[in-house]
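Notes to accompany the following structure.
Values in this text are rule-based calculations from the coordinates and carry no lab data. Model, not experiment: these values are computed from the prediction. For neighbour counting, all protein chains shown are included, and Cβ atoms are generated from backbone atoms with ideal geometry for every residue, glycine included.
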Amino acid sequence: MAERRAINKYYPPDWDPSQGSTNAYVGQHPLRDRARKLDEGILIVRFELPFSIWCGGCNGLLATGLRFNAEKKKAGSYYSTPIWSFRMKCRECSHWFEIRTNPKDSAYDVIDGARKKAEPEDLEDDNDELGEKIVDLSQVDESDKHSLLHELEVSEARKRRAIQAAERLSTLQVSYA
């Protein structure tokens with residue numbers, strides 16, 4: 001029935017063309033249900049995932065190409081290019097997650113509620129296998145090398161990488177067992 005909305009030619013008997021469009025006469029927006037949050041600056045659009053992500057609620061994998069009804073909202077701008085925010089629900093657990101456009105890098109960024117699945121083509125030469133940035137200490141200033149904050153950041157990053165590597169090994173062992 002929804003497909004008939006676009007080609008419907010019914011005109012109410014008391015409608016007069018001088019009253020404007022039939023949408024204005026009936027009191028309906030031309031975008032119908034997609035425009036229900038338009039007063040908040042949100043438009044409902046159909047969004048297709050550009051990459052695979054892990055849901056933050058159920059830890060399930062949402063594959064590339066899955067389509068969602070997303071709430072599209074302007075989140076800011078990079079020079080004159082708008083940054084769009086797409087907020088949608090996971091199909092499994094109804095957990096909200098948000099993806100934003102990144103015009104600076106011509107990419108999408110997962111902002112909240114999920115994490116991007118590390119793909120082999122996403123890793124660069126200066127990243128390790130978990131996607132963490134590798135810091136070359138020979139290129140860091142001497143003042144930063146001896147900074148306690150810098151040492152803390154490096155140790156925390158090493159701990160995080162070790163924990164992630166251990167989790168990955170355990171999942172691989174379970175999947176092959």
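With R₀ fixed at 22 Å, the C-beta to C-beta distance from Asn102 to Val45 puts the FRET efficiency at about 0.75. The Glu92 and Asp14 beta-carbon pair, evaluated with R₀ = 41 Å, returns a calculated FRET efficiency of approximately 0.25. Residue pairs exceeding 29 angstrom between C-alpha atoms, taken from Lys89/Lys117; Lys74/Lys159; Lys73/Lys117; Lys9/Lys74; Lys74/Lys116; Lys72/Lys116: Lys74/Lys159; Lys9/Lys74. Note on Tyr79 and Glu153: the model spin-label points, each 7 Å out from Cα along the C-beta direction, lie 2.7 nm apart.
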